[in-house]
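This report concerns only the one structure given below.
The values are calculated or read from the model by the stated rules, or taken from the named source; none is laboratory data. What you are looking at is a predicted structure, and each value in this text was computed from that prediction instead of being measured. Cβ: placed from backbone, ideal geometry, glycine included. Neighbour counts: every protein chain shown.
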Amino acid sequence: MKLQKIVNTPIATLTLIGSLIGGANAANLLIDPGFEDASNLQGLGTTVSNFNTNQGKWGVEGGIALSGTLNGVTPYNTMMLSMQSGGSYNQAFQFTNLSAYTSEIASGSATFDMSALFNTGGPHNALGIISAQFYGAGGWNNKIGSQQSNSLTLDGDASTWEQISSSGVIPTGAVWMSTEVAYKGDTMGGMEGFVDEASLAIAVPEPSSTLLLGLGSLGLLLRRSRS
Ligand SMILES: [Ca+2]
Ligand SMILES: [Ca+2]
């Protein structure tokens, strides 16, 4: 009787229920997303050498976890990533294992959404970048996905943080992905570039909503067959 009742519920209602149930997969998958733990930062080379043992570490090229205000920029909570000026790009990577999403990635239905806050201490048009890269089980030398990145020229106002974000479909075969935050070094005017409050979320279709949509379709079919 209960099933019959569900089957007769209008499909729009079922879709709403499905989306309500399915709203729980937006958790931030990054470890130390706010750069609050200096011991979680290490050299970029160390991090890329073994994704598995260095999972959740920030691999940083030319940067430190900085406590307190510098050049008028104040971190969220206590600390922020401070990246040095100069060079071509100054980067920080964190690698995330995607094994929990293997079947959804294989069917092309897993998506990512990443973002971070950027800020600098002066009017010098620094270019901030965020990007995702995808790798097979072999790690750094097994890159399989094209980089999808967004960049933003910062406003030079030390009192405001600017968000840069990137999203897309996780390519088939990906076992690891990197969340990368970076500055283009020659745009930084000799000053530090700061990053804080990074986020990586992965979304997959919820089995519950798929089931409910299926039941809704069944209901429509039953009604058609009766009329
Ligand atoms: Ca912070
Ligand atoms: Ca700013």
> Which residues, counting only those in segment 152-198, are surrounded by fewer than 17 Cβ atoms within 10 Å (Cβ to Cβ), over 22 Å from GLY62 (Cα atoms) and among the aliphatic types (A, V, I, L, M)?
Replying inline: VAL169
> Looking only at segment 100-134, which residues are of a type in the set (A, V, I, L, M, F, W, C) and under 24 Å from ASP155 (Cα atoms)?
Replying inline: MET114, ALA116, LEU117, PHE118, ALA126, LEU127, ILE129, ILE130, ALA132
> SER19: in a helix (DSSP H, G or I), over 11 Å from PHE93 (Cβ atoms) and modelled with pLDDT of 70 or more, yes or no?
Replying inline: no
> Hey, does segment 122-131 have a residue that's of a type in the set (Gly, Ala, Ser), in contact (Cβ under 8 Å) with a residue 40 or more places away in the chain, within 16 Å of ligand 2 (Cβ to nearest atom) and loosely packed, with under 14 Cβ neighbours inside 10 Å?
Replying inline: no
>> For a quick check of your reading of the model, give me the residue pairs whose first member lies in segment 157-183 and is touching a residue at least 24 places away in the same chain (Cβ under 8 Å) and of a type outside the set (A, V, I, L, M, F, W, C), whose second is assigned to a loop (DSSP other than H, G, I, E, B) and away from ligand 2 (no atom under 16 Å from the Cβ), with beta-carbon atoms closer than 7 Å and at least 6 apart or on different chains.
In response: PRO171/ILE144; PRO171/GLY145; THR172/GLY108; GLY173/GLY136; GLY173/ILE144; THR179/LEU30
> For residues in segment 155-200 being among the acidic types (Asp, Glu) and within 16 Å of ligand 1 (Cβ to nearest atom), which is farthest from ALA27 (Cα to Cα)?
Replying inline: GLU192
> Checking PRO75 against (1) within 11 Å of ligand 1 (Cβ to nearest atom); (2) surrounded by fewer than 22 Cβ atoms within 10 Å (Cβ to Cβ); (3) part of a loop (DSSP other than H, G, I, E, B), which single condition isn't satisfied?
Replying inline: (2)
> Which members of segment 61-116 meet the condition of being more than 16 Å from ligand 2 (Cβ to nearest atom), within 13 Å of GLU192 (Cβ to Cβ) and β-branched (Val, Ile, Thr)?
Replying inline: ILE64
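Scan segment 38-54 for residues that are surrounded by 12 or more Cβ atoms within 10 Å (Cβ to Cβ), touching a residue at least 40 places away in the same chain (Cβ under 8 Å) and of a type outside the set (A, V, I, L, M, F, W, C) and jot them down.
THR47, SER49, ASN50, ASN54
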